[in-house]
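Below you'll find the structure, written out as structure tokens, and then a few comments.
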Amino acid sequence: MSGYRLCRIPAAKNPYFIENISTNVYTIEELCYYMYHNTALLDATFVGSGLTRWIASELGMKNTAMAMEKAFLDNKSLAGFLTPVFEETGYLNPAEMKAYRQELDQLLHDPVWVRMKKKGDALVHYGKVIAAERIYRQALDMAELLDPAEQEEPQEVFEEKRRAFESRVWHNIGVAAMKMLDYDEAVNAFQKALDLLESEENKETLLLAYGIAKPKERYLEMLQKSGVSREEQEQLQKRLDGADALVTELPQDPDTYVDLLTVKYHNATDS
């Protein structure tokens, strides 16, 4: 991990394994960096006695660990569990700590399907696209099961918001599929996003996916159906030319490139 601040407490001999991103951390600053920048990933695999034991035994921060453990046993909020770490290290200034508490509070008040989407987005950021797609589909299933009659807002408003949410999730499923080079799956996902919400962004994304995944004649046919202007077509072609270069241009050392693809594959699939 990068971007964390200078260590004040010696690094641990044995790391703490963060399951969601398959990463070891050795210092309290690394841990703070992860917690500060990845609120959507602070789930049951991270929050618990395993973390507090590591902080106590490996970092020697026994008082901090005890405060966290007490907050956990007293069923306090996520902010209550994490605050002792930030207070001990001084990693966040008062303004940052206030904003962080507000972010955690917002996360806890979000509906579960919204939290799952945020988790999926975070996993995509770390290249965990297989896990992200699974989370996205669970979020879609939950949103689909909602009964509009049981919601506080008018049914029409709720249905509109649900379609917009499902469209964003399908768009992100398409992004995850593109990262795995599963272009047909990406096209299907982007089409579902557009069917749910007709927007310029969704239309452009689908056209770009078509240009990458489909034969040229299919792409040109899709362009005609979409009714985009000549100027828009030229902009799309420029973006496609850039995407094609990224896909086809190999480095001078093919072995290094193959090794890189292997690492990315195992990272995405956790295999």
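The values are calculated or read from the model by the stated rules, or taken from the named source; none is laboratory data. Just so it is clear, the model here is predicted, and its values are computed rather than measured. Reconstructed Cβ throughout: ideal geometry from the backbone, glycine too, with neighbour counts over all protein chains shown. Each accessible area value is taken on the protein alone, full model and side chains, heavy atoms only, with ligands, DNA and RNA left out. Shrake-Rupley method; radii C 1.70, N 1.55, O 1.52, S 1.80 Å.
Taking each residue of segment 103-116 that is open to solvent by 80 Å² or more (accessible area, probe 1.4 Å) and looking for partners that are at pLDDT 90 or above and not hydrophobic (A, V, I, L, M, F, W, C) with beta-carbon atoms closer than 8 Å, six or more apart or interchain, yields 103/39. Number of residues in segment 119-166 that are part of a helix (DSSP H, G or I), open to solvent by 80 Å² or more (accessible area, probe 1.4 Å) and of a type outside the set (Lys, Arg) equals 9. For segment 93-100, indicate whether the set of residues that are touching a residue at least 40 places away in the same chain (Cβ under 8 Å), farther than 29 Å from residue 162 by Cα, in a helix (DSSP H, G or I) and open to solvent by less than 20 Å² (accessible area, probe 1.4 Å) is non-empty. Checking segment 93-100: not a single residue is touching a residue at least 40 places away in the same chain (Cβ under 8 Å), farther than 29 Å from residue 162 by Cα, in a helix (DSSP H, G or I) and open to solvent by less than 20 Å² (accessible area, probe 1.4 Å). With the structure loaded, tell me whether residue 149 is modelled with pLDDT under 90 and small (Gly, Ala, Ser) or whether it fails that test. Yes; evaluated as a whole, the condition is true for this residue.
Which members of segment 32-67 meet the condition of being open to solvent by 50 Å² or more (accessible area, probe 1.4 Å) and among the polar types (S, T, N, Q)? Selection gives 45, 57, 63. Against the numbered list (1) in a loop (DSSP other than H, G, I, E, B); (2) of a type in the set (Gly, Ala, Ser); (3) under 23 Å from residue 124 (Cβ atoms), residue 12 comes up short only at (3). Of the helices (runs of 4 or more DSSP H) lying entirely inside segment 196-271, those containing at least 2 residues that are more than 23 Å from the chain's Cα centre (by Cα), modelled with pLDDT of 80 or more and farther than 23 Å from residue 125 by Cβ are 200-213, 216-226, 230-248. Taking the conditions (1) modelled with pLDDT of 95 or more; (2) open to solvent by less than 30 Å² (accessible area, probe 1.4 Å) in turn, residue 15 satisfies each one other than (2).
Please find, within segment 204-241, the residue that is nearest to residue 185 (Cα to Cα) out of those that are buried (at least 16 other Cβ atoms within 10 Å of the Cβ) and acidic (Asp, Glu). Walk me through it before giving the result.
Quick first cut of segment 204-241, residues buried (at least 16 other Cβ atoms within 10 Å of the Cβ) only: 204-214, 219, 222-223, 226, 228, 232, 236, 240.
With acidic (Asp, Glu) added as a condition, the list becomes 204, 232.
Working: 204: 17, 232: 25 Å.
This residue is 204.
The one condition from (1) under 21 Å from residue 37 (Cβ atoms); (2) open to solvent by 20 Å² or more (accessible area, probe 1.4 Å) that residue 79 does not meet is (2).
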